[in-house]
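Below is one structure, written out as C-alpha coordinates; comments come after it.
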Amino acid sequence: MSKKFNYHGLIAMAAISLFACNNTSQQTDSSDAAAASQTTADAATACVSALEKKSFEETIDGKTTGLYVLKNNNGACVAITNYGGRIVSIVVPDKNNNPTDVAVGFKTVKEYQGPGDAYFGALIGRVGNRIAKGKFTLDGKEYTLATNNGPNSLHGGNKGFSAAVWDATQPNDTTLSLSYVSKDGEEGYPGTLTANVTYTLGADNSIRIDYKATTDKKTVVNLTNHTYFNLNGEGSGTILNHLVQINADKYTPVDATLIPTGKLEPVAGTPFDFTKPTAIGSRIDTVNNIQLKNGGGYDHNFALANAGPALHDAAEVTGDQSGIVMNVLTTEPGLQFYIGNFMSGKNSFKSGAKDDYRTAFCIETQHFPDAPNQKNFPSIVIEPGKEYTSTTVYKFGVKK
Ligand code: GAL
(Lines give C-alpha, C1' and ligand atoms only; values in the text may rest on other atoms or scores of the structure.)
Protein backbone atom coordinates (compact mmCIF):
# COMPACT_ATOMS: atom_id res chain seq x y z
CA MET A 1 0.00 0.00 0.00
CA SER A 2 2.69 2.50 0.97
CA LYS A 3 4.37 1.85 -2.37
CA LYS A 4 1.23 2.94 -4.15
CA PHE A 5 1.03 6.16 -2.19
CA ASN A 6 4.70 6.91 -2.74
CA TYR A 7 4.14 6.41 -6.42
CA HIS A 8 1.24 8.81 -6.29
CA GLY A 9 3.33 11.29 -4.34
CA LEU A 10 6.02 11.27 -7.01
CA ILE A 11 3.59 12.28 -9.68
CA ALA A 12 1.71 14.83 -7.64
CA MET A 13 3.54 17.74 -9.19
CA ALA A 14 2.63 16.64 -12.70
CA ALA A 15 -0.94 16.30 -11.59
CA ILE A 16 -0.98 19.79 -10.14
CA SER A 17 -0.10 21.31 -13.50
CA LEU A 18 -2.71 19.16 -15.23
CA PHE A 19 -5.44 20.23 -12.88
CA ALA A 20 -4.42 23.86 -13.07
CA CYS A 21 -4.90 23.62 -16.85
CA ASN A 22 -8.39 22.35 -16.33
CA ASN A 23 -9.45 24.82 -13.71
CA THR A 24 -12.15 26.87 -15.39
CA SER A 25 -12.20 29.47 -12.61
CA GLN A 26 -8.57 30.27 -13.22
CA GLN A 27 -9.34 31.16 -16.79
CA THR A 28 -11.49 34.05 -15.55
CA ASP A 29 -10.15 37.28 -14.06
CA SER A 30 -7.55 37.68 -11.36
CA SER A 31 -10.07 38.78 -8.71
CA ASP A 32 -10.96 35.12 -8.29
CA ALA A 33 -7.34 34.08 -8.32
CA ALA A 34 -6.82 33.59 -4.60
CA ALA A 35 -9.95 31.50 -4.12
CA ALA A 36 -9.32 29.58 -7.31
CA SER A 37 -5.76 28.79 -6.42
CA GLN A 38 -6.88 27.57 -2.99
CA THR A 39 -9.41 25.29 -4.67
CA THR A 40 -6.78 24.05 -7.08
CA ALA A 41 -4.29 23.40 -4.33
CA ASP A 42 -6.81 21.41 -2.26
CA ALA A 43 -7.96 19.32 -5.17
CA ALA A 44 -4.50 18.89 -6.58
CA THR A 45 -3.31 17.51 -3.25
CA ALA A 46 -5.97 14.87 -3.60
CA CYS A 47 -5.74 14.35 -7.34
CA VAL A 48 -2.54 12.45 -7.76
CA SER A 49 -3.14 10.46 -10.85
CA ALA A 50 -0.63 10.05 -13.67
CA LEU A 51 -2.70 11.62 -16.39
CA GLU A 52 -1.45 13.88 -19.11
CA LYS A 53 -4.09 16.02 -20.66
CA LYS A 54 -2.54 15.88 -24.11
CA SER A 55 -2.80 12.08 -24.23
CA PHE A 56 -6.55 12.58 -24.38
CA GLU A 57 -6.51 15.14 -27.17
CA GLU A 58 -7.34 13.47 -30.46
CA THR A 59 -9.62 14.03 -33.41
CA ILE A 60 -12.03 11.13 -33.78
CA ASP A 61 -14.91 11.13 -36.27
CA GLY A 62 -14.09 14.80 -36.95
CA LYS A 63 -14.61 15.74 -33.31
CA THR A 64 -12.13 16.70 -30.62
CA THR A 65 -11.61 14.64 -27.51
CA GLY A 66 -10.13 15.88 -24.27
CA LEU A 67 -9.86 15.32 -20.56
CA TYR A 68 -12.10 17.18 -18.13
CA VAL A 69 -11.47 17.32 -14.41
CA LEU A 70 -14.05 17.86 -11.70
CA LYS A 71 -12.85 18.68 -8.21
CA ASN A 72 -14.21 19.77 -4.87
CA ASN A 73 -12.81 21.12 -1.60
CA ASN A 74 -13.15 17.81 0.16
CA GLY A 75 -10.21 15.96 -1.41
CA ALA A 76 -12.06 14.41 -4.35
CA CYS A 77 -11.57 14.71 -8.05
CA VAL A 78 -12.87 12.92 -11.11
CA ALA A 79 -11.27 12.87 -14.57
CA ILE A 80 -13.56 12.22 -17.52
CA THR A 81 -12.93 12.09 -21.25
CA ASN A 82 -15.66 12.91 -23.74
CA TYR A 83 -14.53 9.87 -25.77
CA GLY A 84 -17.33 7.57 -24.68
CA GLY A 85 -18.07 9.86 -21.72
CA ARG A 86 -15.63 7.74 -19.77
CA ILE A 87 -14.63 8.16 -16.16
CA VAL A 88 -10.85 7.75 -16.25
CA SER A 89 -10.05 8.37 -12.62
CA ILE A 90 -11.83 8.97 -9.29
CA VAL A 91 -9.57 10.09 -6.48
CA VAL A 92 -10.98 10.11 -2.95
CA PRO A 93 -9.38 9.95 0.51
CA ASP A 94 -9.01 6.55 2.20
CA LYS A 95 -9.36 5.91 5.95
CA ASN A 96 -5.91 7.44 6.56
CA ASN A 97 -6.73 10.40 4.34
CA ASN A 98 -4.44 9.12 1.60
CA PRO A 99 -5.67 10.02 -1.88
CA THR A 100 -6.70 6.85 -3.66
CA ASP A 101 -7.73 6.34 -7.28
CA VAL A 102 -10.69 3.95 -7.08
CA ALA A 103 -11.54 3.83 -10.79
CA VAL A 104 -9.37 1.80 -13.14
CA GLY A 105 -8.62 3.30 -16.52
CA PHE A 106 -6.10 3.96 -19.26
CA LYS A 107 -3.82 6.95 -19.59
CA THR A 108 -4.44 7.65 -23.29
CA VAL A 109 -7.54 7.90 -25.43
CA LYS A 110 -5.89 5.57 -27.95
CA GLU A 111 -5.92 2.72 -25.46
CA TYR A 112 -9.65 3.22 -24.94
CA GLN A 113 -10.03 2.81 -28.71
CA GLY A 114 -7.88 -0.33 -28.79
CA PRO A 115 -8.64 -4.03 -28.43
CA GLY A 116 -7.75 -4.00 -24.72
CA ASP A 117 -10.75 -1.89 -23.85
CA ALA A 118 -13.63 -3.54 -22.02
CA TYR A 119 -15.92 -0.49 -21.78
CA PHE A 120 -13.71 0.90 -18.99
CA GLY A 121 -15.48 3.85 -17.36
CA ALA A 122 -17.80 4.28 -20.33
CA LEU A 123 -21.28 5.56 -20.88
CA ILE A 124 -23.20 2.67 -22.41
CA GLY A 125 -26.02 3.00 -24.91
CA ARG A 126 -28.28 2.90 -26.70
CA VAL A 127 -29.08 -0.26 -24.73
CA GLY A 128 -26.87 -1.53 -21.91
CA ASN A 129 -26.12 -5.25 -21.58
CA ARG A 130 -27.37 -7.95 -23.97
CA ILE A 131 -30.19 -8.28 -26.46
CA ALA A 132 -30.70 -11.93 -27.40
CA LYS A 133 -29.63 -12.82 -30.93
CA GLY A 134 -29.44 -9.08 -31.69
CA LYS A 135 -33.14 -8.93 -32.49
CA PHE A 136 -36.24 -7.31 -31.07
CA THR A 137 -39.67 -6.33 -32.31
CA LEU A 138 -41.42 -3.01 -31.84
CA ASP A 139 -44.96 -2.39 -33.12
CA GLY A 140 -44.74 -5.55 -35.22
CA LYS A 141 -41.50 -4.57 -36.93
CA GLU A 142 -38.36 -6.62 -36.32
CA TYR A 143 -35.07 -4.77 -35.80
CA THR A 144 -31.68 -6.42 -36.25
CA LEU A 145 -28.60 -5.32 -34.33
CA ALA A 146 -24.95 -6.34 -34.62
CA THR A 147 -24.20 -9.57 -32.78
CA ASN A 148 -20.94 -8.45 -31.20
CA ASN A 149 -20.93 -10.86 -28.25
CA GLY A 150 -21.32 -14.48 -29.32
CA PRO A 151 -24.87 -14.80 -30.62
CA ASN A 152 -26.02 -11.61 -28.87
CA SER A 153 -25.79 -7.84 -29.09
CA LEU A 154 -23.88 -6.22 -26.23
CA HIS A 155 -23.72 -2.63 -24.94
CA GLY A 156 -25.17 -0.90 -27.99
CA GLY A 157 -23.47 -2.91 -30.74
CA ASN A 158 -20.25 -2.54 -32.71
CA LYS A 159 -20.01 1.16 -32.05
CA GLY A 160 -22.12 2.02 -29.06
CA PHE A 161 -22.15 5.23 -27.06
CA SER A 162 -18.90 4.11 -25.37
CA ALA A 163 -17.11 4.78 -28.68
CA ALA A 164 -18.89 8.04 -29.52
CA VAL A 165 -17.32 11.45 -29.09
CA TRP A 166 -19.73 13.40 -26.92
CA ASP A 167 -20.05 17.18 -27.05
CA ALA A 168 -18.79 18.49 -23.72
CA THR A 169 -19.43 21.62 -21.68
CA GLN A 170 -17.87 22.26 -18.31
CA PRO A 171 -19.68 25.21 -16.74
CA ASN A 172 -17.77 25.01 -13.44
CA ASP A 173 -15.34 22.91 -11.39
CA THR A 174 -17.91 20.31 -10.41
CA THR A 175 -20.11 19.78 -13.47
CA LEU A 176 -19.58 18.23 -16.89
CA SER A 177 -22.44 18.07 -19.39
CA LEU A 178 -22.20 15.69 -22.32
CA SER A 179 -24.50 15.25 -25.27
CA TYR A 180 -24.66 12.87 -28.18
CA VAL A 181 -27.13 12.54 -31.03
CA SER A 182 -27.52 8.96 -32.22
CA LYS A 183 -28.92 8.89 -35.74
CA ASP A 184 -32.05 7.06 -36.81
CA GLY A 185 -30.91 3.53 -37.72
CA GLU A 186 -27.53 3.81 -35.97
CA GLU A 187 -26.45 0.32 -34.92
CA GLY A 188 -29.85 -0.86 -36.12
CA TYR A 189 -31.95 1.08 -33.59
CA PRO A 190 -34.95 3.10 -34.77
CA GLY A 191 -35.30 6.85 -34.16
CA THR A 192 -32.91 9.74 -33.69
CA LEU A 193 -32.03 9.64 -30.02
CA THR A 194 -30.66 12.76 -28.35
CA ALA A 195 -28.86 11.81 -25.15
CA ASN A 196 -27.66 14.19 -22.45
CA VAL A 197 -25.59 13.06 -19.51
CA THR A 198 -24.42 15.31 -16.68
CA TYR A 199 -21.74 14.33 -14.21
CA THR A 200 -21.78 16.34 -10.97
CA LEU A 201 -19.21 16.03 -8.20
CA GLY A 202 -20.83 16.88 -4.88
CA ALA A 203 -19.20 18.51 -1.87
CA ASP A 204 -19.91 15.21 -0.06
CA ASN A 205 -17.68 13.24 -2.50
CA SER A 206 -20.62 11.92 -4.49
CA ILE A 207 -20.66 11.56 -8.25
CA ARG A 208 -24.15 12.08 -9.56
CA ILE A 209 -24.95 10.97 -13.11
CA ASP A 210 -28.13 12.38 -14.63
CA TYR A 211 -29.18 10.78 -17.91
CA LYS A 212 -31.82 12.22 -20.24
CA ALA A 213 -32.90 11.20 -23.71
CA THR A 214 -35.56 12.06 -26.25
CA THR A 215 -36.46 10.43 -29.55
CA ASP A 216 -38.30 11.27 -32.76
CA LYS A 217 -39.59 7.69 -33.20
CA LYS A 218 -40.57 4.95 -30.81
CA THR A 219 -37.36 3.20 -29.72
CA VAL A 220 -35.62 1.45 -26.84
CA VAL A 221 -33.10 2.99 -24.44
CA ASN A 222 -31.24 1.75 -21.38
CA LEU A 223 -28.25 3.90 -20.45
CA THR A 224 -25.66 3.14 -17.82
CA ASN A 225 -22.09 3.78 -16.77
CA HIS A 226 -19.49 1.04 -16.88
CA THR A 227 -16.86 2.23 -14.40
CA TYR A 228 -14.71 -0.55 -12.98
CA PHE A 229 -13.95 0.14 -9.33
CA ASN A 230 -11.24 -1.12 -7.03
CA LEU A 231 -11.90 0.59 -3.70
CA ASN A 232 -8.43 -0.30 -2.44
CA GLY A 233 -7.04 1.66 -5.39
CA GLU A 234 -6.19 0.80 -8.98
CA GLY A 235 -3.51 -1.86 -9.00
CA SER A 236 -4.25 -3.14 -5.48
CA GLY A 237 -5.01 -6.67 -6.59
CA THR A 238 -8.15 -8.74 -6.29
CA ILE A 239 -11.52 -7.26 -5.33
CA LEU A 240 -12.67 -10.60 -3.89
CA ASN A 241 -12.20 -9.34 -0.31
CA HIS A 242 -14.33 -6.22 -0.79
CA LEU A 243 -17.56 -6.35 1.21
CA VAL A 244 -20.70 -5.94 -0.85
CA GLN A 245 -24.30 -5.35 0.12
CA ILE A 246 -26.97 -5.24 -2.58
CA ASN A 247 -30.53 -4.32 -1.71
CA ALA A 248 -32.08 -7.05 -3.80
CA ASP A 249 -34.12 -10.08 -2.76
CA LYS A 250 -34.25 -11.33 -6.33
CA TYR A 251 -31.99 -11.61 -9.34
CA THR A 252 -32.41 -12.66 -12.95
CA PRO A 253 -30.68 -16.00 -13.72
CA VAL A 254 -29.06 -16.34 -17.14
CA ASP A 255 -28.34 -18.97 -19.76
CA ALA A 256 -24.83 -19.87 -20.88
CA THR A 257 -24.74 -16.82 -23.22
CA LEU A 258 -25.69 -14.51 -20.33
CA ILE A 259 -29.24 -13.87 -21.55
CA PRO A 260 -31.80 -13.87 -18.71
CA THR A 261 -34.10 -16.86 -18.62
CA GLY A 262 -36.95 -14.42 -17.86
CA LYS A 263 -37.40 -15.67 -14.30
CA LEU A 264 -36.87 -13.65 -11.16
CA GLU A 265 -35.38 -15.97 -8.56
CA PRO A 266 -34.94 -15.34 -4.83
CA VAL A 267 -31.35 -14.75 -3.73
CA ALA A 268 -32.03 -16.33 -0.32
CA GLY A 269 -30.00 -19.45 0.28
CA THR A 270 -27.81 -18.86 -2.79
CA PRO A 271 -24.38 -17.25 -3.39
CA PHE A 272 -26.40 -14.33 -4.80
CA ASP A 273 -27.61 -13.27 -1.38
CA PHE A 274 -25.83 -9.97 -0.71
CA THR A 275 -28.59 -8.58 1.49
CA LYS A 276 -25.99 -8.38 4.28
CA PRO A 277 -22.40 -7.16 3.74
CA THR A 278 -20.51 -10.16 2.34
CA ALA A 279 -17.05 -10.61 0.85
CA ILE A 280 -17.38 -10.89 -2.93
CA GLY A 281 -15.22 -14.00 -3.04
CA SER A 282 -16.66 -15.84 -0.05
CA ARG A 283 -18.97 -18.06 -2.16
CA ILE A 284 -17.47 -17.61 -5.60
CA ASP A 285 -16.27 -21.21 -5.81
CA THR A 286 -19.55 -22.80 -4.77
CA VAL A 287 -19.48 -26.16 -6.49
CA ASN A 288 -22.23 -26.98 -8.96
CA ASN A 289 -23.84 -23.55 -8.90
CA ILE A 290 -25.02 -23.31 -12.50
CA GLN A 291 -25.48 -19.54 -12.31
CA LEU A 292 -21.91 -18.88 -11.18
CA LYS A 293 -20.87 -21.23 -13.98
CA ASN A 294 -22.95 -19.47 -16.63
CA GLY A 295 -21.70 -16.06 -15.52
CA GLY A 296 -18.08 -17.14 -15.06
CA GLY A 297 -18.61 -15.67 -11.57
CA TYR A 298 -20.97 -12.82 -10.71
CA ASP A 299 -22.20 -11.20 -13.90
CA HIS A 300 -25.89 -10.87 -13.13
CA ASN A 301 -28.71 -8.40 -12.90
CA PHE A 302 -30.15 -7.84 -9.42
CA ALA A 303 -33.77 -6.67 -9.13
CA LEU A 304 -33.62 -3.89 -6.56
CA ALA A 305 -35.94 -3.77 -3.59
CA ASN A 306 -37.72 -0.43 -3.07
CA ALA A 307 -37.37 0.35 -6.78
CA GLY A 308 -39.48 3.32 -7.75
CA PRO A 309 -39.15 6.64 -9.49
CA ALA A 310 -37.20 8.23 -6.61
CA LEU A 311 -33.54 7.64 -5.80
CA HIS A 312 -33.23 4.57 -3.63
CA ASP A 313 -30.34 2.77 -1.92
CA ALA A 314 -29.06 0.10 -4.24
CA ALA A 315 -25.71 -1.09 -2.92
CA GLU A 316 -22.82 -0.46 -0.57
CA VAL A 317 -19.27 -1.68 -1.19
CA THR A 318 -16.30 -1.40 1.18
CA GLY A 319 -12.64 -1.71 0.26
CA ASP A 320 -11.16 -4.16 2.78
CA GLN A 321 -7.76 -2.41 2.87
CA SER A 322 -8.62 1.23 2.24
CA GLY A 323 -11.80 1.47 4.32
CA ILE A 324 -13.31 3.39 1.39
CA VAL A 325 -17.06 2.88 1.23
CA MET A 326 -19.08 3.45 -1.93
CA ASN A 327 -22.84 3.87 -1.64
CA VAL A 328 -24.85 3.51 -4.81
CA LEU A 329 -28.27 5.13 -5.15
CA THR A 330 -30.34 4.99 -8.29
CA THR A 331 -33.74 5.54 -9.85
CA GLU A 332 -33.27 2.32 -11.87
CA PRO A 333 -34.99 -0.99 -11.08
CA GLY A 334 -31.84 -3.10 -11.47
CA LEU A 335 -28.09 -3.28 -11.40
CA GLN A 336 -25.61 -5.52 -13.18
CA PHE A 337 -23.02 -6.76 -10.72
CA TYR A 338 -19.96 -7.77 -12.73
CA ILE A 339 -16.66 -8.70 -11.10
CA GLY A 340 -14.17 -8.52 -13.94
CA ASN A 341 -14.42 -12.16 -15.00
CA PHE A 342 -13.28 -11.22 -18.50
CA MET A 343 -10.33 -9.10 -17.41
CA SER A 344 -7.36 -10.49 -19.29
CA GLY A 345 -4.17 -9.25 -17.65
CA LYS A 346 -2.85 -8.28 -21.08
CA ASN A 347 -3.25 -4.51 -20.79
CA SER A 348 -1.80 -1.88 -18.47
CA PHE A 349 -3.81 0.69 -16.61
CA LYS A 350 -2.67 4.27 -15.91
CA SER A 351 -0.78 3.24 -12.74
CA GLY A 352 1.12 0.58 -14.70
CA ALA A 353 -0.90 -2.21 -13.07
CA LYS A 354 -2.29 -4.89 -15.39
CA ASP A 355 -5.99 -5.43 -15.99
CA ASP A 356 -5.75 -8.71 -14.10
CA TYR A 357 -8.66 -11.08 -13.57
CA ARG A 358 -11.14 -9.79 -11.01
CA THR A 359 -9.13 -6.74 -9.96
CA ALA A 360 -12.12 -4.45 -10.43
CA PHE A 361 -15.90 -4.67 -10.29
CA CYS A 362 -18.82 -2.82 -11.90
CA ILE A 363 -22.19 -1.83 -10.55
CA GLU A 364 -24.13 -0.86 -13.66
CA THR A 365 -27.49 0.57 -12.68
CA GLN A 366 -30.04 -0.06 -15.40
CA HIS A 367 -33.22 -1.76 -16.55
CA PHE A 368 -32.93 -5.52 -16.87
CA PRO A 369 -30.90 -7.11 -19.69
CA ASP A 370 -32.72 -8.20 -22.84
CA ALA A 371 -35.75 -6.15 -21.75
CA PRO A 372 -37.10 -5.73 -25.33
CA ASN A 373 -37.57 -9.52 -25.54
CA GLN A 374 -38.78 -10.16 -22.00
CA LYS A 375 -42.41 -9.33 -21.45
CA ASN A 376 -42.17 -9.65 -17.66
CA PHE A 377 -39.34 -7.14 -17.32
CA PRO A 378 -39.88 -3.38 -16.92
CA SER A 379 -40.13 -1.81 -20.38
CA ILE A 380 -37.32 0.25 -21.94
CA VAL A 381 -39.48 1.59 -24.78
CA ILE A 382 -39.63 5.38 -25.14
CA GLU A 383 -41.80 7.45 -27.42
CA PRO A 384 -41.55 10.89 -29.00
CA GLY A 385 -42.66 13.66 -26.65
CA LYS A 386 -41.72 11.70 -23.54
CA GLU A 387 -38.34 12.22 -21.94
CA TYR A 388 -36.29 9.31 -20.63
CA THR A 389 -34.64 10.21 -17.32
CA SER A 390 -32.42 8.24 -15.00
CA THR A 391 -30.16 9.18 -12.10
CA THR A 392 -27.45 7.29 -10.29
CA VAL A 393 -25.22 8.48 -7.45
CA TYR A 394 -21.93 6.89 -6.39
CA LYS A 395 -21.02 8.37 -3.02
CA PHE A 396 -17.64 7.83 -1.38
CA GLY A 397 -16.80 7.89 2.31
CA VAL A 398 -14.68 5.88 4.76
CA LYS A 399 -15.13 3.35 7.52
CA LYS A 400 -12.30 3.51 10.03
C1 GAL B 1 -20.60 -6.23 -18.46
C2 GAL B 1 -21.25 -7.53 -18.84
C3 GAL B 1 -20.17 -8.58 -18.94
C4 GAL B 1 -19.08 -8.17 -19.89
C5 GAL B 1 -18.58 -6.80 -19.52
C6 GAL B 1 -17.58 -6.24 -20.50
O7 GAL B 1 -21.54 -5.22 -18.41
O8 GAL B 1 -22.21 -7.85 -17.89
O9 GAL B 1 -20.73 -9.81 -19.35
O10 GAL B 1 -19.58 -8.18 -21.20
O11 GAL B 1 -19.64 -5.88 -19.46
O12 GAL B 1 -16.47 -7.05 -20.60
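Of the residues that make up region 95-110, is at least one within 15 Å of the ligand (Cβ to nearest atom), within 25 Å of PHE342 (Cβ to Cβ) and in contact with a Cys (Cβ under 9 Å, 6 or more places away or on another chain)?
Residues of region 95-110 within 15 Å of the ligand (Cβ to nearest atom): 104-106.
Next, from what is left, pick out any that are within 25 Å of PHE342 (Cβ to Cβ): 104-106.
Filter once more, so that each one left must be in contact with a Cys (Cβ under 9 Å, 6 or more places away or on another chain): none.
No - not one qualifying residue is present in region 95-110.
Are there any pairs with C-beta distances below 7 angstrom linking a residue in region 105-119 that is of a type in the set (Ser, Thr, Tyr) to a residue that is outside any helix (DSSP H, G or I) and within 11 Å of the ligand (Cβ to nearest atom), with the two at least 6 apart or on different chains, and if so which?
Going by the 7 Å Cβ cut-off, the qualifying pairs are TYR112/PHE120; TYR119/HIS155; TYR119/HIS226.
Would you please name the residue that is farthest from ILE363 (Cα to Cα), looking only at residues in region 171-215 that are basic (Lys, Arg) and in contact with a strand residue (DSSP E or B) (Cβ under 6 Å, 6 or more places away or on another chain)? So that I can check it myself, show each step before the final result.
Going through region 171-215, the residues basic (Lys, Arg) turn out to be 183, 208, 212.
Right, trim to in contact with a strand residue (DSSP E or B) (Cβ under 6 Å, 6 or more places away or on another chain) and you get 208, 212.
Working: ARG208: 14, LYS212: 20 Å.
Top of the filtered list is LYS212.
Name the single residue, out of those in region 285-310 being surrounded by 14 or more Cβ atoms within 10 Å (Cβ to Cβ) and away from the ligand (no atom under 16 Å from the Cβ), that is nearest to LEU231 (Cα to Cα).
So, considering only residues that are surrounded by 14 or more Cβ atoms within 10 Å (Cβ to Cβ) and away from the ligand (no atom under 16 Å from the Cβ), the one nearest to LEU231 (Cα to Cα) is LEU304.
How do the strands (runs of 3 or more DSSP E) wholly within region 86-168 filter down when requiring 2 or more residues that are modelled with pLDDT of 95 or more and aliphatic (A, V, I, L, M): which remain?
Values: elements: 86-93, 99-101, 122-124, 135-138, 141-144.
Those strands (runs of 3 or more DSSP E) span 86-93, 122-124.
Just wondering, is there one or more residues in region 263-271 that are within 16 Å of the ligand (Cβ to nearest atom), within 29 Å of ILE209 (Cα to Cα) and in a loop (DSSP other than H, G, I, E, B)? It would help to see each step written out before you state the result.
Here is the first cut: in region 263-271, the residues within 16 Å of the ligand (Cβ to nearest atom) are none.
Scanning region 263-271, I find no residue that is within 16 Å of the ligand (Cβ to nearest atom), within 29 Å of ILE209 (Cα to Cα) and in a loop (DSSP other than H, G, I, E, B), so the answer is no.
Residue-wise test of (1) within 16 Å of the ligand (Cβ to nearest atom); (2) surrounded by fewer than 22 Cβ atoms within 10 Å (Cβ to Cβ).
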{"position": "VAL221", "(1), (2)": "no, no"}
{"position": "TYR228", "(1), (2)": "yes, no"}
{"position": "THR261", "(1), (2)": "yes, yes"}
{"position": "ASP273", "(1), (2)": "no, yes"}
{"position": "ILE280", "(1), (2)": "yes, no"}
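Which of the residues belonging to region 254-304 are touching a Pro at 6+ places or on another chain (Cβ under 8 Å), free of Cβ contacts under 8 Å to residues at least 60 places away in the same chain, more than 21 Å from ARG358 (Cβ to Cβ) and of a type outside the set (Val, Ile, Thr)?
Across region 254-304, the qualifying residues are LYS263, GLU265, LEU304.
Just to be sure I understand the filter: pairs with C-beta atoms under 6 Å, separated by 6 or more residues or on different chains, first member in region 54-65 and in contact (Cβ under 8 Å) with a residue 40 or more places away in the chain and more than 11 Å from ALA164 (Cα to Cα), second member in a helix (DSSP H, G or I) and not polar (S, T, N, Q). Which pairs pass?
Partner pairs satisfying both residue conditions: PHE56/VAL109; GLU58/VAL109.
Which of (1) outside any helix (DSSP H, G or I); (2) buried (at least 18 other Cβ atoms within 10 Å of the Cβ); (3) under 18 Å from the mean Cα position of the chain (by Cα) does SER179 not meet, given it meets every other one?
Failing condition for SER179: (2).
The values are calculated or read from the model by the stated rules, or taken from the named source; none is laboratory data. Quick caveat: nothing in here was measured; it's all calculated off a predicted structure. So basically every Cβ, Gly included, is an ideal-geometry build from the backbone, and we count neighbours across all protein chains shown.
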